[in-house]
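This report refers to the structure that appears directly beneath it.
The values are calculated or read from the model by the stated rules, or taken from the named source; none is laboratory data. Predicted, not measured: the structure shown is a model, and the values here were computed from it. Every residue, glycine as well, gets a Cβ built from its backbone with ideal geometry; the counts of neighbours run over all protein chains shown. The area values use the complete protein model at the heavy-atom level, side chains included, leaving out ligands, DNA and RNA. Shrake-Rupley method; radii C 1.70, N 1.55, O 1.52, S 1.80 Å.
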Amino acid sequence: MSDTKPPRVVAELGRPETPQETADRKAENSRLYRSRKTVNNLVLSLLATVGLVIVIVLAVPRGEAPDRPTVDYAQLAGQAQRDIPVPLLTPELGDDWGSNYADVRTASSPVVGTPDIRSWNVGLISPDDEFVGLVQGVDANDTWLSAELDEARPTGTVTIDGVEWIEYANGSGTDTGNVQYALSTVAGRSTIAIFGTASPELALDVARSVRQGITANLDAPTPAGTDSE
């Protein structure tokens with residue numbers, strides 16, 4: 001009795017496979033196995049990558065949105081007051097306003113033979129992140145004021161809480177710097193300007209917020225020989 005197994009009959013062929021057909025079938029099965037394994041590896045690799053990204057994102061500390069600038073101009077005004085002979089203005093605005101600078105500056109007088117002009121400068125940031133600047137010059141003049149306002153042209157006057165302000169406009173072009181709209185007034189020895197890229201309504205709000213300081217400047221004594229209005 002022979003131990004040789006008869007060739008396997010393939011149902012699709014209705015006959016035994018030839019050696020070549022057997023070899024081809026095994027080669028195709030190997031190819032399909034490798035292909036499936038490659039796809040599986042790619043899927044696993046992708047899932048691992050996504051999982052790693054999720055872990056990294058969750059591990060990164062979540063910082064809150066940056067707060068509004070917190071320069072305490074009222075405190076800085078108190079420190080600077082001993083060196084300035086007039087009451088310094090400190091806008092009284094809501095907590096949703098911020099400030100990005102507050103300092104005293106000295107500029108050479110544009111008029112030959114006159115003293116340098118010292119000024120108190122405050123940068124304000126509105127709740128909508130718009131800029132409004134405040135400058136208070138001591139014993140200043142029109143030439144200094146024009147330079148501070150980038151030579152903006154007067155357009156009229158407006159009365160705010162009993163104080164008359166001159167209005168200025170630099171138009172809406174791209175070269176207006178920080179002065180698109182401005183206000184100015186004189187109180188005692190102080191020449192005060194409010195300016196910025198914010199809407200005029202915000203500048204008017206700042207003007208209202210310094211009403212008490214303007215009154216203090218109007219009431220401050222003026223040294224003999226110093227012009228005042």
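Here each label is just a point 7 Å from Cα along the line to Cβ, and for SER146 and SER35 those points are 8.5 nm apart. Residue separation of LEU218 and THR114 scaled by 0.36 nm, minus their Cα-Cα distance, works out to 35.1 nm of gained length. Is the C-alpha gyration tensor of the stretch 126-186 telling us rounded, prolate or oblate? Criteria: a/c under 1.5 is rounded; beyond that, a/b larger than b/c is prolate, otherwise oblate. Rounded shape, in that the Cα axes give a/c under 1.5. Applied to the stretch 98-105, the Karplus parametrisation 6.51 cos²θ - 1.76 cosθ + 1.60 on θ = phi - 60° returns per-residue 3J(HN,Hα) values of x, 9, 10, 6, 7, 7, 9, 10 Hz, with x for Gly and Pro.
Cβ-Cβ distance of PHE131 and VAL50, R₀ of 30 Å, FRET efficiency by 1/(1 + (r/R0)^6): the value works out to about 0.10.
Of the GluC sites (Glu not before Pro) found in the stretch 79-165, those in coil by DSSP whose Cβ has at most 16 other Cβ atoms within 10 Å are GLU92, GLU130, GLU151. Sorting ARG25, ARG34, ARG105 by accessible area puts them as ARG34, ARG105, ARG25; the probe is 1.4 Å, largest comes first, and only protein heavy atoms count.
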